[in-house]
1. What number of residues in the range 320-338 are at pLDDT below 85 and charged (D, E, K, R)?
2. Do any residues in the range 141-170 that are over 21 Å from residue 124 (Cβ atoms) have Cβ atoms under 6 Å from those of residues that are of a type in the set (Ser, Thr, Tyr) and part of a helix (DSSP H, G or I), where the two are at least six apart or on different chains, and which pairs are they?
3. Being part of a loop (DSSP other than H, G, I, E, B) and either within 16 Å of ligand 2 (Cβ to nearest atom) or within 16 Å of the chain's Cα centre (by Cα) (or both) narrows it down to one residue among 141, 167; which is it?
4. Read through the list (1) within 30 Å of residue 237 (Cβ to Cβ); (2) within 13 Å of ligand 2 (Cβ to nearest atom), then give the number of the only condition that residue 92 fails.
5. Can you give me the ranges of the helices (runs of 4 or more DSSP H) entirely in the range 200-304 with at least 1 residues that are more than 15 Å from ligand 1 (Cβ to nearest atom), touching a Leu at 6+ places or on another chain (Cβ under 7 Å) and more than 19 Å from residue 124 (Cα to Cα)?
6. Check whether at least one residue in the range 155-164 is touching a helix residue (DSSP H, G or I) at 6+ places or on another chain (Cβ under 7 Å), buried (at least 22 other Cβ atoms within 10 Å of the Cβ) and within 30 Å of residue 212 (Cβ to Cβ), and report yes or no.
7. Is it the case, given these coordinates, that residue 152 is more than 16 Å from ligand 2 (Cβ to nearest atom), within 27 Å of residue 334 (Cβ to Cβ) and out of contact with any strand residue (DSSP E or B) (no Cβ under 9 Å at 6 or more places or on another chain)?
Amino acid sequence: MLVLGIETSCDETAAAVVDEAGTIRSSVVSSQVDVHARYGGVVPELASRAHLALLPPVVGDALHGAGLGADPGRAPVDVVAATVGPGLVGALLVGSSLAKGLAMAWDVPFVGVNHLEGHCFAALLDHPELRWPVVVVLVSGGHTMLLAMDGPGRYRLLGQTLDDAAGEAFDKVARFLGLGYPGGPAIERTAKAGDPTAFAFPRALLDQGFDLSFSGLKTAVVRAVRARPDASDADVAASFQQAVVDVLVAKGLRAAEAVGASGICLAGGVAANGALRAAFADACAAKGLALAVPSRAMCTDNAAMVAAAGAWQLTHLGPSPLDQPAEPGAGLPLERVLAGA
Ligand code: KG4
Ligand code: ZN
């Protein structure tokens, strides 16, 4: 089975071909960073228009890269999967509409994929050896969640951010420091020359439960910089990054212990962060936990993860209806646990 995956939930236009064994035959990501950088963040209407222009050639490149033709009369793949939520509604509509059109034209099933579930599958693609349950630390620009994953499609929400997502905090602090957009990579680069102990930023809810909070940290950064305008950006970035890393590692370990997990999976754009990856590697090694970290390209938004989730979904739950709506505010489909799927 060959799956064409399409991802357009935010500002990456992506298409990929993945087979049923989870092998990535091609993965193309066209970033819209240049479109949005001058505004300091994603402008939804511009994102939709850019997806509209970029998606057809990106899909063509993904098919071509997998050695498949784009003959309109012959289906090059067995299923077309696209992200249907959560995300920006206009952006989601561009990708899911094209996916439905292609599925109709090729007479193959369409599968609507949950973007967050896609992120969870990214870690699985590289680590088929994982034993369930695992804890997924899902840290992206829009979401920050701790999940117990009992198998593909089976999630229990343990905790989530009460305010800003981890990636959102990176983006806001970078913007405040004038480091540019997207903020995560800019903070990581700047932090390399800094002292992570220069500022004692708060670690909210460190010793309590599984929920997280990052908005107080962001405010603390703003206050600290206003109080010490001569402080180096590198020290501020390094101290901020360390505070986020400390909280995520502590919570991830606590969650793993609470659910008896064999290991921890990192997922989402913030999981591309080198300091976070290194801290989890040390912590998991010390606790005898497995650690599944996708490659950096598979942490940030991509369509291979959507295709992989789509393959599983088609096999276990069947195709989605062609009138499947875009669901901008969707959470993870946690109810599948109850359905025993
Ligand atoms: O998963 P993703 O690509 O899109 C969403 O689903 O939101 O995550 C994007 C987020 C952004 O907030 C970005 O600043 C952050 O991931 N990010 C990083 C790094 N690379 C991307 N945060 C910290 N360090 C990085 N290297
Ligand atoms: Zn994402």
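The values are calculated or read from the model by the stated rules, or taken from the named source; none is laboratory data. Just so you know, these numbers come straight off a predicted model, no measurement behind them. Cβ atoms come from the backbone with ideal geometry, glycine included; neighbour counts cover every protein chain shown.
1. 2
2. Listed pairs, sorted by first residue: 163/215; 164/215.
3. On the way: 167 fails: part of a loop (DSSP other than H, G, I, E, B).
One residue alone meets the criteria, 141.
4. (1)
5. Details: elements: 215-227, 233-259, 274-287, 296-299.
Because the criterion is at least 1 residues that are more than 15 Å from ligand 1 (Cβ to nearest atom), touching a Leu at 6+ places or on another chain (Cβ under 7 Å) and more than 19 Å from residue 124 (Cα to Cα), the helices (runs of 4 or more DSSP H) in the range 200-304 that meet it are 233-259, 274-287.
6. Scanning the range 155-164, I find at least one residue that is touching a helix residue (DSSP H, G or I) at 6+ places or on another chain (Cβ under 7 Å), buried (at least 22 other Cβ atoms within 10 Å of the Cβ) and within 30 Å of residue 212 (Cβ to Cβ), so the answer is yes.
7. Working: more than 16 Å from ligand 2 (Cβ to nearest atom): yes; within 27 Å of residue 334 (Cβ to Cβ): yes; out of contact with any strand residue (DSSP E or B) (no Cβ under 9 Å at 6 or more places or on another chain): yes.
Considered against the rule, which asks whether it is more than 16 Å from ligand 2 (Cβ to nearest atom), within 27 Å of residue 334 (Cβ to Cβ) and out of contact with any strand residue (DSSP E or B) (no Cβ under 9 Å at 6 or more places or on another chain), residue 152 comes out as yes.
Let's see how each residue does on (1) within 16 Å of ligand 1 (Cβ to nearest atom); (2) modelled with pLDDT under 95:
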{"residue": "8", "(1), (2)": "yes, no"}
{"residue": "11", "(1), (2)": "yes, yes"}
{"residue": "24", "(1), (2)": "no, no"}
{"residue": "36", "(1), (2)": "yes, yes"}
{"residue": "39", "(1), (2)": "yes, yes"}
{"residue": "52", "(1), (2)": "no, no"}
